[in-house]
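So the structure is just underneath, and the comments pick up after that.
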Amino acid sequence: EAQVTQNPRYLITVTGKKLTVTCSQNMNHEYMSWYRQDPGLGLRQIYYSMNVEVTDKGDVPEGYKVSRKEKRNFPLILESPSPNQTSLYFCASSSGGTDIYEQYFGPGTRLTVT
Amino acid sequence: GQNIDQPTEMTATEGAIVQINCTYQTSGFNGLFWYQQHAGEAPTFLSYNVLDGLEEKGRFSSFLSRSKGYSYLLLKELQMKDSASYLCAVRASRFMDSSYKLIFGSGTRLLVRP
């Protein structure tokens, strides 16, 4: 089954404790992206990757890191989480290029930083 | 700057037609997407427009006017299951660069009443 998976689905952590949220897709997609979703603000793009070893900042990259060492994986790293990073996070992937390719979203990771 | 506006909430009656508007101001416009998101779930793709005009897909249609920075999503024969948030998203490409990012509006919460 074609899908985007994220782990963990739920996470409660404390300020400053490094964490990684994994994202994996099995559709051989070139483009992968991370978003955060907050009430009243909608989905905001954190980082995206056009292909392996190619990443770029979205609109809200501060406090986050990503890497794209393999095509299928695109982990999101919070080196020192803070309470303002409490949010719902979505990973998404799509075929590359600028044609119609829609994004497929993972199920989401609900992160709480205390 | 980049900006996308949608109404926050709309209410409609089962069986009726509803139009959800989206206006945008972005540089490097390269396509507009509509996504549906049920509460607690990931967004799912509904439609895509890159040229002016209407795209029809079953009960859903989407319209784009690039000169006006305007799009709408038209939902016909509304069903209770159409109660969800509808997200407008613009793909913006960088000049002379195939890289692109997606900018989402805050979403329109649609409530369908019996």
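The values are calculated or read from the model by the stated rules, or taken from the named source; none is laboratory data. Model, not experiment: these values are computed from the prediction. Glycine also receives a Cβ, built like all others from the backbone with ideal geometry; neighbour counts cover every protein chain displayed. To get the accessible areas, we keep the full protein, side chains included, count just its heavy atoms, and leave off ligands, DNA and RNA. Shrake-Rupley method; radii C 1.70, N 1.55, O 1.52, S 1.80 Å.
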> Within the range B:57-78, which residues are at pLDDT 95 or above, within 14 Å of chain A (Cβ to nearest Cβ) and loosely packed, with under 13 Cβ neighbours inside 10 Å?
Replying inline: none
> Restricting attention to the range A:1-28, which residues are open to solvent by 10 Å² or more (accessible area, probe 1.4 Å) and in contact with a Lys or Arg (Cβ under 8 Å, 6 or more places away or on another chain)?
Replying inline: A:ARG9, A:TYR10, A:LEU11, A:SER24, A:ASN26, A:ASN28
> What single numbered condition from (1) modelled with pLDDT of 95 or more; (2) at the interface with chain B (Cβ under 9 Å from one of its Cβ atoms) fails to hold for A:TYR64?
Replying inline: (2)
> From the set of residues in the range B:79-97 that are polar (S, T, N, Q) and touching a Gly at 6+ places or on another chain (Cβ under 9 Å), which is farthest from the other protein chains (Cβ to nearest Cβ)?
Replying inline: B:GLN79
> B:SER99 fails exactly one of the following numbered conditions: (1) under 22 Å from A:TRP34 (Cβ atoms); (2) of a type in the set (Gly, Ala, Ser); (3) open to solvent by 20 Å² or more (accessible area, probe 1.4 Å); (4) at pLDDT below 95. What is the number of that condition?
Replying inline: (3)
> Filtering the range A:67-114 down to residues that are of a type in the set (A, V, I, L, M, F, W, C) and within 14 Å of chain B (Cβ to nearest Cβ), which residue is surrounded by the fewest Cβ atoms within 10 Å (Cβ to Cβ)?
Replying inline: A:ILE100
> Within the range B:42-56, can one find any residue that is on the phi > 0 side of the Ramachandran plot, surrounded by fewer than 16 Cβ atoms within 10 Å (Cβ to Cβ) and more than 12 Å from chain A (Cβ to nearest Cβ)?
Replying inline: yes
>> Looking only at the range B:1-23, count every residue that is touching a Phe, Trp or Tyr at 6+ places or on another chain (Cβ under 8 Å) and either at pLDDT 95 or above or under 18 Å from B:ARG109 (Cβ atoms) (or both) and tell me the total.
In response: 8
> What residue, among those in the range B:1-41 that are open to solvent by 60 Å² or more (accessible area, probe 1.4 Å) and among the hydrophobic types (A, V, I, L, M, F, W, C), is farthest from A:GLY106 (Cα to Cα)?
Replying inline: B:ILE17
> Could you say whether any residue in the range A:29-50 is in a loop (DSSP other than H, G, I, E, B) and crowded, with 19+ Cβ neighbours inside 10 Å?
Replying inline: yes
